1. For chain B, what is the mean residue ellipticity at 222 nm derived from helices alone (per DSSP H run of n ≥ 4: -39500 (n - 2.57); sum divided by total residues; nearest 500 deg cm²/dmol)?
2. Ignoring any ligand, DNA or RNA, what whole percent of the accessible area of chain B comes from carbon and sulfur when the probe is 1.4 angstrom?
3. Per-residue HN-Hα couplings for region A:164-171, Karplus 6.51 cos²θ - 1.76 cosθ + 1.60 at θ = phi - 60°, whole Hz, x for Gly and Pro?
4. Nearest 20 debye, what's the magnitude of the dipole of region A:1-152 about its Cα centre given +1 on Lys and Arg Cβ and -1 on Asp and Glu Cβ?
5. Nothing charged except the Cβ atoms of Lys and Arg (+1) and of Asp and Glu (-1): what's the magnitude of the dipole of the protein assembly as shown about its Cα centre? Round to the nearest 20 debye.
6. Taking θ as phi - 60°, what are the ³J(HN,Hα) couplings along region A:42-55 by the Karplus curve (6.51, -1.76, 1.60), each to the nearest whole Hz, with x for Gly and Pro?
7. For the pair A and B, how large is the buried accessible area, both sides, in square angstrom to the nearest 100, if the probe is 1.4 Å?
8. Tell me which of A:Leu39, B:Ala154, A:Pro215 sits at the most positive position along the dipole axis of the protein assembly as shown, charges placed on C-beta atoms (Lys, Arg +1; Asp, Glu -1).
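The values are calculated or read from the model by the stated rules, or taken from the named source; none is laboratory data. Remember, it's a predicted structure, so these values are computed and weren't measured experimentally. Note that we place each Cβ from the backbone using ideal geometry, even for glycine, and neighbour counts take in every protein chain shown. Heads up: the accessible areas ignore ligands, DNA and RNA and are worked out on the full protein's heavy atoms, side chains in. Shrake-Rupley method; radii C 1.70, N 1.55, O 1.52, S 1.80 Å.
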Amino acid sequence: MNEQEALFEYLLRLGDNALILGHRLSEWCGHSPALEEDLALSNVALDLIGQTQLWLNLAGEIEGKGRDADKLAYLRDARDFRNLLLVEQPNGDFAMTMARQFYFDAWHYLQLQGLTGSKESRIAEIAAKSLKEVAYHLERSRDWVLRLGDGTEESHRRMQAAIDDLWMYTGELFEADEIDRTMIQAGLGPDPSALQESWLDLVRATAEEATLALPQPGWAQRGGKRGIHTEHLGYILADLQFLQRAYPNAVW
Amino acid sequence: MTGSLTQPDLGQVRTWLQEIPDPEVPAVSVMDLGIVREVRWENDELVVAITPTYSGCPATSVIALDIEAALRAKGLEHLRIERRLSPPWTTDWISEEGRRKLEAYGIAPPAERAGDSPSPFDRFLRKPLVVACPRCKSENTHRVSEFGSTPCKAQYQCRDCLEPFDYFKCI
C-alpha cells in the first residue's frame, strides 16, 4: 500500500467515526429523556455529520475516482467501513450513550489536536475547525458522566454498567497499525499509542470525581479500523443507506 | 460587468453585504457575524470568501445563495462564492454592532473571548460563565441546556425576570 492509498484509508477512518456516531446520536431525535437533551444530541450529531462531509470529501479527492462524501457514505458495504467498534455500539440507555460519547470525545479531542499539526494543510484545517466543536462535546459528555455517576443510586448503577460494558471497545483507539505508521512517518497524523496516557488521565480523573470505578486493562475488541465490525453496523447501514439503495441517485 | 470603470468599489459591495441578514439569526447581517472573510476583484469577477460558523451548520449553503442573489440583484453578473475553512470561524469576529444587535434581539452575545479560552482540560476547572440577561441585564441567570435552537446557541434563563433566552456560545 503506497502513501496515497494509506492516506485514503486513514481519511475514511476519520470520516466514518464521525458518520457512524453522528447517525447513532440522531437516533435519539424525538426520543430523548428531555427536550433539551433531544436538542443537544441532535446538535452534536449535526457537528459530526458536518465533519463527516469534510473528511469524506477529502478522502474522495485523494482517491481520485470521482467519489464524494455522499457516494462514500451511502454506497459502501459494511466491510468497507473503517470506523472504530466503539461508535457503532447501540445507544442503550442514556448512561450508555453518554459513556460512549465521553470515551470517544476525550479520544477525538486528543486526536484532532494531533492532526492540527499535520503536514497536509487540508487535514490540519479540518482538524482545527472540528476541534472547537469537539471541545464543547467533551465538556458536555464529561458533565453527564459526573452527574449520573455521582447522582442517585440508580443513575450511578447505570453509569457504572455503561463504563464497564464499553471498556473493551476503547483498546482499539490506541492501537497503531500499518496505516497509522505510514501516517506518522509522513508527518500526516499523530501516533495513536501516544494519546493513551492523556486519555487515561482524563478518564481516570473524571471517573474518580464521579465515584465510578474504572475497569482494569484487559481484552480489547478490535477490527473496526480494518473493516471487521460488530453485527450492529449492518443495521445502521440498512437504515442510513436505504434511500440511496432503493432510489439510486435521489437528491435532496 | 466589463471594464474597471463600471465595477462598484469594494466598499460599496461591503455595504450591500451588510444588508444581508443571517438566515437563522436575522437580527444580524452576514457581515456582523464575521462570516464574510474577504471581498476582492479577480479581473472582472467578484469573489466573496465565506466561512462556516459550525461545520454542520445548514445555514452555510443558504448564506452562499443569499449573497449570490443579493449581489446579482445589484447588477453584478460575474461573481463567485469561495468557501474558506481556515482560520476557523470564531465568535471574536462578531462586530461590536453585531453584539449590540444580538442583545437588542434577545440573544446574549458571547461572554468571553475565544482567543483566550483555556484548553478543555483547564475548562473543566473554571467557574461557570456569567451571562447577563438581555432583557433586564441581571447576572443572576442559569444555563438550561448546552444547546439551543441552532448549534451556535445555548439556552439560559434569568432568575430575576424569569425570561428564557438564547446565549450565543463562544467558540
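1. Numbers: 4 runs with 38 residues, N = 171.
When only DSSP H runs of four or more count, the value is -6500 deg cm²/dmol.
2. Numbers: 4080 of 8190 Å².
Summing carbon and sulfur atoms, their accessible area is 50 percent of the total for chain B.
3. Listing the rounded values in order: 5, 5, 8, 4, 5, 8, 8, x Hz.
4. Working: 16 positive and 24 negative charges, 45 e Å.
With only Lys, Arg, Asp and Glu charged at Cβ, the dipole is about 220 debye.
5. Details: 45 positive and 65 negative charges, 69 e Å.
That gives a dipole near 340 debye.
6. Per residue, the Karplus-derived 3J(HN,Hα) values read 5, 6, 5, 4, 5, 4, 5, 5, x, 5, 4, 4, 5, 5 Hz.
7. Numbers: alone 12210 and 9490 Å², together 19130 Å².
In total, chains A and B hide about 2600 Å² from solvent.
8. B:Ala154
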